[in-house]
Amino acid sequence: MLKNKDKTNIPGGFLLSAGEASIKKPGRKDLALIYSKAEANIAGAFTTNKVKAAPVKLDMEKIKTGRGQAIIVNSGNANACTGRKGTHDAAETAALTAKNLKIKPALVYVCSTGVIGTLMPMERISSAIPELTSKLGQASLKDVASAIMTTDTFPKVIAKKIKIGNKTGTITGVCKGAGMIAPNMATMLCFILTDIAVEKRALSKALKDSVKKSFNRITIDGDMSTNDTALIMANGMLGNSEIKENSATYKIFKKALDEITHGLSMLIVKDGEGASKFIEIEVKSAVSEKEAERAAFAVADSSLVKTAVYGNDANWGRIMAALGHSGIEFYEDKTDIHIGGVQVTGRGVATGRDNDANRYLRNNREIKILINLNMGRASAKVLTCDLTEEYVRVNAEYRT
């Protein structure tokens, strides 16, 4: 039986299932199915890596219709760099799922995450799909979130209730991600479900705008995956008037969606492989938002900055050096740097407060670095984490 709280957080008309196909190793659920009783409007955002997994290519074609009804997800195998066989396997997974659900294959989206370059164990997956479909409605949000994990240490779920007229709708997000996290997008899979009726174009715009300020502004190790996918399904089971981009309810819906994607982004960074600290980098007073974002990523992706934070060393020189190679317009003698509210540089020179900043780093797991370029009015925030020995161990042993 599902817990009452989990039941109420599953939007109306959606059924979930989780199963085991022993894709990478036996003894854990590694397949998940999300199904809407009614066809839904669907929108997506995908990796910008030139190397794209077979399921990503398949979904990018299907998403052009803006319609969907089911998502089948596996962990343990990325189905990337697998040639024509991988393409066939992704399509076959969709077809088998559709057959068991008695819907069109065009309405089934496929997502994979895991090891690159290994063929899918299709015999085991094919055998697992009938049971997966027959058990729809028996899995919780946490079950789905757990089934899609790879190096994650905890399942990631966020849900919100919002008023649309005199009705209360639900928006729920489930995601995975802990390593190979870089912008455009992070190494992640994210599935957002809602029973609110949202017009196709409005749904697509809302998702892409949300992703830009959330999943595209996190980094753990600067590496980008082949499988990144975010999908949102709106099945309209709430019965509200369809939300359009210029409608009064669009802002309400968009605000809730932004809160969900931002919250999931934070969970991904907090679960960064081997991470011991969560870091927010904010760059203020840049000449443009693009420059602020570029500067923030230069600092967030710096291994030297990340290891300094891990070592509780307020080595602001590493931050200044990262800004210097970021390619943005800035002047060191205008730049102020704060670590946790402690100003360590003023107009590019030391304030003599490094020990205070060191103390802040020692005593906190959530770290804020604020950089004021004193150049303009634009700003941007990027989320990251520290870099530890455990990150090396996790990735060295990833395929074993």
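Quick rundown of the values:
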quantity: Flag if residue 384 is modelled with pLDDT under 95, assigned to a strand (DSSP E or B) and either in contact with a strand residue (DSSP E or B) (Cβ under 8 Å, 6 or more places away or on another chain) or of a type outside the set (Ser, Thr, Tyr) (or both); calculated: yes
quantity: Qualifying positions in the range 161-174 - of a type in the set (D, E, K, R) and either under 17 Å from the mean Cα position of the chain (by Cα) or over 22 Å from residue 264 (Cα atoms) (or both); calculated: 167
quantity: Qualifying residues in the range 101-139 (those that are among the hydroxyl-bearing types (Ser, Thr, Tyr) and touching a strand residue (DSSP E or B) at 6+ places or on another chain (Cβ under 7 Å)) - the one nearest to residue 233 (Cα to Cα); calculated: 109
quantity: The range 343-352, subset in contact with a helix residue (DSSP H, G or I) (Cβ under 6 Å, 6 or more places away or on another chain) and not polar (S, T, N, Q), residue surrounded by the most Cβ atoms within 10 Å (Cβ to Cβ); calculated: 344
quantity: Any helices (runs of 4 or more DSSP H) falling wholly within the range 223-320 and containing at least 1 residues that are more than 17 Å from residue 384 (Cβ to Cβ) and at pLDDT 95 or above; calculated: 248-270, 289-300
quantity: Complete set of residues in the range 321-342 that are surrounded by fewer than 18 Cβ atoms within 10 Å (Cβ to Cβ) and either in a helix (DSSP H, G or I) or without any contact (Cβ under 8 Å) to a residue 12 or more places away in the chain (or both); calculated: 321, 324, 332, 333, 334
quantity: Search result, residues across the range 139-156 that are within 22 Å of residue 197 (Cα to Cα) and surrounded by fewer than 22 Cβ atoms within 10 Å (Cβ to Cβ); calculated: none
quantity: Test for residue 153: is it of a type in the set (Ser, Thr, Tyr), assigned by TED's automatic domain parsing to the domain that holds residue 22, assigned to a loop (DSSP other than H, G, I, E, B) and under 17 Å from residue 75 (Cα atoms); calculated: yes
quantity: Residue tally, condition in a helix (DSSP H, G or I), surrounded by fewer than 22 Cβ atoms within 10 Å (Cβ to Cβ) and among the aliphatic types (A, V, I, L, M), over the range 114-127; calculated: 1
quantity: Subset of the range 56-71 [of a type in the set (Val, Ile, Thr) and either under 12 Å from residue 40 (Cα atoms) or touching a His at 6+ places or on another chain (Cβ under 9 Å) (or both)]; calculated: 63, 65, 71
quantity: Residue 195 vs. criteria at pLDDT 95 or above and either out of contact with any Pro (no Cβ under 9 Å at 6 or more places or on another chain) or crowded, with 24+ Cβ neighbours inside 10 Å (or both); calculated: yes
quantity: Scope the range 3-21; condition out of contact with any strand residue (DSSP E or B) (no Cβ under 8 Å at 6 or more places or on another chain) and exposed (fewer than 15 other Cβ atoms within 10 Å of the Cβ); matching residues; calculated: 3, 4, 5, 7
quantity: Flag if residue 71 is within 19 Å of residue 157 (Cβ to Cβ), buried (at least 24 other Cβ atoms within 10 Å of the Cβ) and touching a strand residue (DSSP E or B) at 6+ places or on another chain (Cβ under 8 Å); calculated: yes
quantity: Single residue of 81, 111 found to be touching a residue at least 60 places away in the same chain (Cβ under 8 Å) and either over 23 Å from residue 210 (Cα atoms) or assigned to a loop (DSSP other than H, G, I, E, B) (or both); calculated: 81
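Rundown of residues vs (1) crowded, with 21+ Cβ neighbours inside 10 Å; (2) within 30 Å of residue 363 (Cβ to Cβ); (3) of a type in the set (Ser, Thr, Tyr); (4) outside the structural domain of residue 66 (by TED's automatic domain parsing), yes/no style:
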{"site": "225", "(1), (2), (3), (4)": "yes, no, yes, no"}
{"site": "243", "(1), (2), (3), (4)": "yes, no, no, no"}
{"site": "247", "(1), (2), (3), (4)": "no, no, yes, no"}
{"site": "293", "(1), (2), (3), (4)": "yes, yes, no, yes"}
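Yes or no, residue by residue, for (1) surrounded by fewer than 24 Cβ atoms within 10 Å (Cβ to Cβ); (2) at pLDDT 95 or above:
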site: 165; (1), (2): yes, no
site: 173; (1), (2): no, yes
site: 177; (1), (2): no, no
site: 186; (1), (2): no, no
site: 200; (1), (2): yes, yes
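The values are calculated or read from the model by the stated rules, or taken from the named source; none is laboratory data. Given the structure is predicted, the values throughout are model-derived calculations rather than measurements. All Cβ positions, glycine included, derive from the backbone under ideal geometry; neighbour counts span all protein chains shown.
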